[in-house]
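Only one structure is covered here, and it is reproduced in the block below.
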Amino acid sequence: MHPTSHAFKANADKALHDPGLQDALAKLKAGFRVKRAAAVARLPEFEALRDAGRAVKDHTLAHLDFYLEAFEAKVAETGGQVHWARDGDEARKAVLDICRRAGARTVTKGKSMVGEEIGLNPFLEANGIRPVETDLGEYIIQLRDEPPSHIVAPAIHLDRTHVAEAFLKAHRQRQAGRDLTEPRAMLDEAREEMRVHFHAADVGITGANMLIAETGSTVIVTNEGNGDLTQTLPRVHIVLATIEKVVPTLDDAAVLLRLLARSATGQELSVYTTFSTGPRRPGDLDGPDEFHVVILDNGRSNMLGGEFQDMLRCIRCAACINHCPVYGAVGGHAYGWVYPGPMGSVLTPALVGLAEARDLPNASTLCGRCEEVCPVRIPLPRMLRHWREREFERHLTPPRDRIGLKIWAFAARHPTLYRMGTRIAAWGLARLARGKGRFADLPLARAWTRTRDLPAPAGKTFVQQWTERRRS
Amino acid sequence: MTARAAILDGIRRSLRRDRLAPAERNALARRLAQPSPVLVPERGQGEPAALVDRFAAMAVETQASLARVADPGDVPVAVARFLAEAGLPATVVVSPDLAGADWAGAGLEARAGAARPGDPVSVTPCFRAVAETGTMVVASAPGRPTTLHFLPDIHVVVVEASKVVGAYEDAWRDLRAAGEWPRTVTWITGPSRTADIEQTLLLGAHGPRRLHVVLVDGA
């Protein structure tokens, strides 16, 4: 997927003025946040599980080469094949080669953010292979030819009229005037349509929530059952995974699975958690004849051993996204790539480059809610600050901001000057506001006042008020 | 340089170390060979009878329906009753492992095998059932095809009370002890669902619309 993160400010502006999107985001906040809180409250061991989850991931990342090799050996032992890919190009080629050897014309796909990351669908289409997304949300956005706006709920930005419109346009063999006002009717229609694809597909492609080194298994977690039909019915199953998805044992996986659904949707567990190990065995009545795992790096190994290593603990639950005030205001598309919200603002600069994504680490109030809800305790605000530092070091910050920051830094190192400056500013601005307490327009601060009023200072600085109160 | 070598080298370079020394590799290999539970919540522990009750309560919470019978011989009749009450035809496809039950005696037309398009109801066994979340652990084998869990509109799972364990880790322990690791293991927790349209929760997405549990207390 081609990033448009450089246009974050323009995208955000558009999103803020989109009433349909604002309704959808209001619903998201009311839904996911409340459900997560209830699920967490029901499990007294949740905080201890967060520590355990962090420890499992840290241990794995410190020995990542070992566990990937162990995983690969087990896959081979059980009749599957691992394909290594340094970047999106190599991953796409590996998938295409497998599809070509299988003579594939149609592939079904389970939801895979890695698939989005490497732009797999347009690539397959360009090579004469039709990919069909089978997760309902992914199917809807595929019909509308747009990227996901959320990593768990990809069509969260849409309402039912969008879905009805897409279905009426795509399912032309159906009666034109049919009633598609209720979500139930749309779901039933999608279910029927998808059954045809499930049976017709030559290859099924899924992502992986985890890879298990102990058994060579790949793990998918779904609610719809689409992922299982995708990987069970076609002759060939391809799993798309990235290097940090491996965990040592099934017991380690159990820890993370107790965290995942509760943090994501507030369920105790998602409906289907499936561990797949190799192809069909002698005597089996169903299952694929071939089992392939494509393991992609795409910049992740560079994140090890540095200030962004902790990001590789991420289990893609989207709790940080659901609790982020910035995501809650602008939605996912504004971020311009696959991963939105706090996790995206840390990951995207690492994977597509800071020059493209420099706005993302700045699109945060550093309120810390993301870290508070992260099931594996990723210090997201700290890493956003690291990106801001790098942005400044690499001179990616615009000159006006750099000069402003330099002036501020100079003043901050000279307390007397700083206090005098803030006193003058507080006094002057209070006078300028003429008792209204706010500015509807203020030169030099128009980026703020264009969209909202700026509160005026009280006339005296905090330090002044503090000193006066201590005296009295 | 192959992609494999480049990625593994890149990992080691970032971690500022060489390939792990043999002693370290052996220690990690032992961790893989002798896995042990990390943290099992209290909810996943308890006496067998309490766990069976907890499993039943949790399964119903996930919007599965549940019937309890005393004896394995009662299962076909319980399935027939469930289908009649739901207004469904008395036709089922069963896992070959369950082919020996007296389905015809309960008035059911039963075929054993994998699921075919249009099969309305499947009946399968489960390897273990987990009290912690009302989850059923199903494992594939020639006598237990995977498609039965996903293709039919209605999935009926026969859960013997002796198969109920507290936590996922108990199921792992027993599954490891059972021999060759199965091709697919699925944890099933309720009927399929989606909330992809306006976050409205709807049951019956691409997998079964209904999940029915027949819990056999005397087995």
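Close amide H partners of B:Arg128, meaning residues 5 or more places away or on another chain with modelled amide H under 5 Å apart, are B:Val137. DSSP assigns beta bridges within the protein assembly as shown; of those with both partners inside it, close to 35 percent run antiparallel.
Once the mean of 1/r is taken over each pair of separate Cα atoms and inverted, segment A:283-391 shows a Kirkwood hydrodynamic radius of 14.9 Å. Overall shape of segment A:43-301 was characterised from the C-alpha gyration tensor. The equivalent ellipsoid obtained from it has semi-axes of 31, 23, 17 Å, in decreasing order. Relative contact order, whole percent, for chain B stands at 24, derived from Cα pairs under 8 Å and 6 or more residues apart. The order of A:Phe462, A:Phe392, A:Phe71, A:Phe275, going from fewest to most other C-beta atoms within 10 Å of their C-beta, is A:Phe462, A:Phe392, A:Phe275, A:Phe71.
Here the protein assembly as shown yields Rg over Rh of 1.02, to two decimals, using C-alpha coordinates and the Kirkwood radius.
Per DSSP helix of 4 or more residues, -39500 (n - 2.57); summed, then divided by the residues of chain B. What does that give at 222 nm, rounded to the nearest 500?
Only helices count here, giving -8500 deg cm²/dmol.
Take every Cα pair under 8 Å whose residues are at least 6 apart in sequence, average their separation, divide by the length of chain A, and the relative contact order is 21 percent. Compute the Cα gyration tensor for segment A:399-471, then decide on rounded, prolate or oblate, letting a ≥ b ≥ c be the square roots of its eigenvalues: rounded whenever a/c is under 1.5, prolate when a/b is larger than b/c in the other cases, and oblate in all that remain. Since a/c reaches 1.5 but b/c is at least a/b, the shape of segment A:399-471 is classed as oblate.
With neighbour counts taken as other beta-carbon atoms within 10 Å, the residues A:Val196, B:Val137 rank, fewest first, as A:Val196, B:Val137. The long axis of helix A:399-412 is offset from the longest Cα principal axis of chain A by roughly 50 degrees.
Among B:Arg116, B:Arg43, B:Arg183, which one shows the highest mean-square fluctuation when chain B is modelled as a Gaussian network with alpha-carbon springs under 10 Å? Highest fluctuation among the options: B:Arg183.
The HN-Hα couplings worked out from phi for segment A:110-126 by the Karplus form 6.51 cos²θ - 1.76 cosθ + 1.60 (θ = phi - 60°) are x, 5, 9, 5, 5, x, 5, 4, 9, x, 5, 4, x, 5, 5, 4, 5 Hz, whole numbers, x standing for Gly and Pro.
How much net charge surrounds B:Asp102 when only other residues with a Cβ under 14 Å from its Cβ are counted (Lys, Arg +1; Asp, Glu -1)?
My count for the surroundings of B:Asp102 gives -3.
Shape index of segment B:43-216: Rg/Rh, with Rg the Cα radius of gyration and Rh the Kirkwood radius from the inverse mean 1/r over Cα pairs, equals 0.95. Which stretch or stretches of segment B:141-165 have amide N atoms under 17 Å from the point lying 7 Å from B:Glu85's Cα along the Cα→Cβ direction? Counting backbone N atoms under 17 Å from the label point, the list is B:154-159. Rounded to the nearest 20 debye, the dipole magnitude of segment B:43-216 is 240 debye, with +1 charges on Lys and Arg beta carbons, -1 on Asp and Glu beta carbons, and the Cα centre as origin. Below 18 Å, Cα to Cα, which lysines can A:Lys109 reach? Residues fewer than 8 away in the same chain don't count. Straight-line reach from A:Lys109, under 18 Å: A:Lys93.
Taking amide hydrogens as placed 1.01 Å from N in the peptide plane, the amide H of A:Val132 sits under 5 Å from those of A:Val107, A:Thr108, A:Lys109, each at least 5 positions away in sequence or on another chain. For A:Asn209, the amide hydrogen comes within under 5 Å of the amide hydrogens of A:Val219, A:Ile220, A:Val221, counting only partners 5 or more places away or on other chains and with H modelled in the peptide plane. What separates the Cα centres of segment B:18-94 and segment A:92-123 is a distance of 34 Å.
The overall shape of segment A:1-95 is oblate: from the C-alpha gyration tensor, with semi-axes ordered a ≥ b ≥ c, the ratio a/c is 1.5 or greater and a/b is no larger than b/c. Per-residue ellipticity at 222 nm, computed for chain A from helices alone with -39500 (n - 2.57) per DSSP H run of at least four residues, works out to -15500 deg cm²/dmol. For segment A:321-415, averaging the sequence separation of C-alpha pairs within contact (under 8 Å, six or more residues apart) and dividing by the residue count gives a relative contact order of 22 percent. Ranked by how many other Cβ atoms sit within 10 Å of their own Cβ, fewest first, the residues B:Thr200, A:Thr467 fall in the order A:Thr467, B:Thr200. With Cα atoms defining each centre, segment A:396-472 and segment A:130-168 are spaced 46 Å apart in the structure. Applying the Karplus relation 6.51 cos²θ - 1.76 cosθ + 1.60 with θ = phi - 60° to segment A:127-136 yields 3J(HN,Hα) values of 9, x, 10, 8, x, 10, 6, 10, 5, 4 Hz, where x marks Gly and Pro.
For the protein assembly as shown, A:Cys99, A:Cys314, A:Cys317, A:Cys324, A:Cys367, A:Cys374, B:Cys126 have no disulfide-compatible partner, since no other Cys C-beta lies under 4.7 Å from theirs.
Looking only at segment A:96-218, where both bridge partners belong to it, what percent of the DSSP beta bridges are antiparallel (to the nearest 5)? Around 20 percent of the beta bridges assigned by DSSP in segment A:96-218 are antiparallel ones. Using Cα springs under 10 Å in a Gaussian network model of chain B, which residue among B:Arg54, B:Arg31, B:Arg16 shows the largest mean-square fluctuation? So, out of B:Arg54, B:Arg31, B:Arg16, the one fluctuating most is B:Arg16.
Each residue of segment B:114-124 was assigned a 3J(HN,Hα) from its phi angle through the Karplus expression (A = 6.51, B = -1.76, C = 1.60, θ = phi - 60°), giving 6, 6, 10, x, x, 4, x, 9, 10, 10, 9 Hz with x at Gly and Pro.
Only the coordinates and a few stated rules stand behind these numbers; no lab work does. These numbers were taken from a predicted model, which means no experiment stands behind them. Virtual Cβ from ideal backbone geometry, glycine too; neighbours counted across all protein chains shown.
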